[in-house]
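All of the numbers you see were taken from the coordinates with simple rules; none came from a lab. It should be emphasised that the depicted structure is a prediction, and the values quoted were computed from it without experimental measurement. Glycine gets a Cβ as well: all are built from the backbone with ideal geometry, and neighbour counts include every protein chain shown.
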Amino acid sequence: METILVLVHTEADGALAKPAREALAAGSTLAEALGGASLAVGLVGAEVQGAADSIASCGAARFLGVAGPEFDQSRYATDALAAEALCRRAGATLIIAPGTSRWSRALPGAAHRLGGRADTHVAEIAVVDQTPSVTRWYYRQRIEATTRRAQRPWMILLDPGSGAAWEGEAGAAAVEPVSVVPPGGDVRTTVIGIQAPPADAQTIRPDAELLFVAGAGWTKVQADGKAHPAEAADLILDFLRKTQASLGGSKSLVDLSGEGQAVLPFMTHLNQVGQTGSTPRHPKGLTACCHGEEPHTVGWRFINERRAINLDPNCGWARGKADVLYVANAFEVMAKVNALLAERGTKA
């Protein structure tokens, strides 16, 4: 019989973020599908009681917690120690955790200490013939693979956005404290502050309803024989401010900076979608001035509704890669859209 441990960490405010609740939903569903499996939740943070209370009705048989100021910030040494202690106390055979940067850095090492295995970037967890299996993508999201493991414990890091987040009533959870005292030499990293861009300068918003992807066409010579990168930047940023959409870029656009060409000043490789970039999971997507090349559209695999703006009616987006294609000038379309948004004062 499997013992499932959902391993989560608290945020700066002591609450659980959406990826943690997604992992909890996956763990709860897996426990039901296996039948007879026990479910436990392990929490790590400066203070974990409030977070445990917020998920008290999730159906877990046990709540385990490692708490203290040394576990407030992300640090490999202390996070790996906490995860190892929680797994040993729970006697876990299957550990499900959100694939956050914090856990992705620490849990593979914890799995090695426990003599187990770890799989990262998991997109789905299923049960086939009463055996758990995981699904993930390889080769730039072109190959889907399903994996089963006999090795236990098995740590599974679920990619954020892969499933629905757990929702339920708060209550009073009885948290079993797990004592972990890091050796003095293990607490060498100190976080003295956080540097972040202003809210209106943020362009990557994983939880946004809409993903807007810009292509290299924004920086090319237009019908008047001139390039208008400054105008393109203003149109795109204005749209992002009004809609709070997330910004993506094709590889051809983000690579322009290395070719000495005019670029959008706010576009970096972190915005890249497809090929060697990200595979986002937004409900809707709108792309403009993109050719619709295969690597880029593969990156849109999990976008539910895909629309594109391009002057070429025979572009890649017209060949079955977009639900709707607008054959029009992106500059003119986005200027009109921004004007309508300003008039209505509402989001797209």
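Find how many whole Å separate the alpha carbon centroid of region 47-116 from the alpha carbon centroid of region 284-300.
Region 284-300 and region 47-116 have Cα centres spaced 37 Å from each other.
Within a Cβ distance under 11 Å of Thr131, other residues only, what is the Lys/Arg minus Asp/Glu net charge?
0
Using 0.36 nm times the number of residues separating Val333 and Ala230, minus their current alpha carbon distance, what extension gain do you get?
35.4 nm
Treat each spin label as a single point 7 Å out from the Cα along the C-beta direction, and report the Arg142 to Phe266 distance in nm.
Calculated label separation equals 3.3 nm.
Cα gyration tensor of the chain, axes a ≥ b ≥ c as square roots of the eigenvalues: rounded (a/c below 1.5), prolate (a/b > b/c) or oblate?
prolate
Let a ≥ b ≥ c be the square roots of the eigenvalues of the Cα gyration tensor of region 199-344; is it rounded (a/c under 1.5), or, if not, prolate (a/b larger than b/c) or oblate?
Values: a/c = 1.12, a/b = 1.05, b/c = 1.06.
It comes out rounded by the Cα gyration axes.
Pulled fully out, how much extra length does the chain show between Ser74 and Glu294, if you take 0.36 nm times their separation in residues and subtract their Cα-Cα distance?
75.5 nm
Which FRET efficiency value, to the nearest 0.05, is calculated for Val181 and Arg241 with the Förster distance at 56 angstrom and r the Cβ-Cβ distance?
Numbers: r = 48 Å, r/R0 = 0.86.
According to the calculation, E is roughly 0.70.
Please give the length that would be gained between Ser133 and Ser101 if that part of the chain were fully extended, namely 0.36 nm times their separation in residues minus their C-alpha to C-alpha distance (nm, one decimal).
Roughly 9.2 nm would be gained on extension.
First select every other residue whose beta carbon is under 12 angstrom from the beta carbon of Val66; then total the charges, Lys and Arg +1, Asp and Glu -1.
For residues surrounding Val66, the net value is -4.
Which aspartates and glutamates, on any chain, are close to Lys336 with Cα under 20 Å apart, when same-chain ones fewer than 8 places away are left out?
Straight-distance partners of Lys336: Asp224, Glu231, Asp234, Asp238, Asp312.
To the nearest 20 debye, what charge dipole does the chain have about its Cα centre, counting +1 at the Cβ of each Lys and Arg and -1 at the Cβ of each Asp and Glu? Can you show the working numbers first?
Values: 33 positive and 36 negative charges, 140 e Å.
Value, rounded to 20: 680 debye.
Quick one: if the Förster radius is 30 Å, what FRET efficiency do Arg319 and Lys220 give, using the C-beta to C-beta distance and rounding to 0.05? All intermediate terms of the calculation are to be shown ahead of the outcome.
Working: r = 21 Å, r/R0 = 0.71.
Given R0 = 30 Å and the Cβ-Cβ separation, E is 0.90.
With springs only between Cα atoms under 10 Å apart, run a GNM on the chain and tell me which of Gln244, Gln49, Gln222 wobbles the most.
Sorting by GNM fluctuation, first place goes to Gln222.
For the pair Glu209 and Ala164, how long in nm is the line joining their label points, each one 7 Å along Cα→Cβ?
1.9 nm
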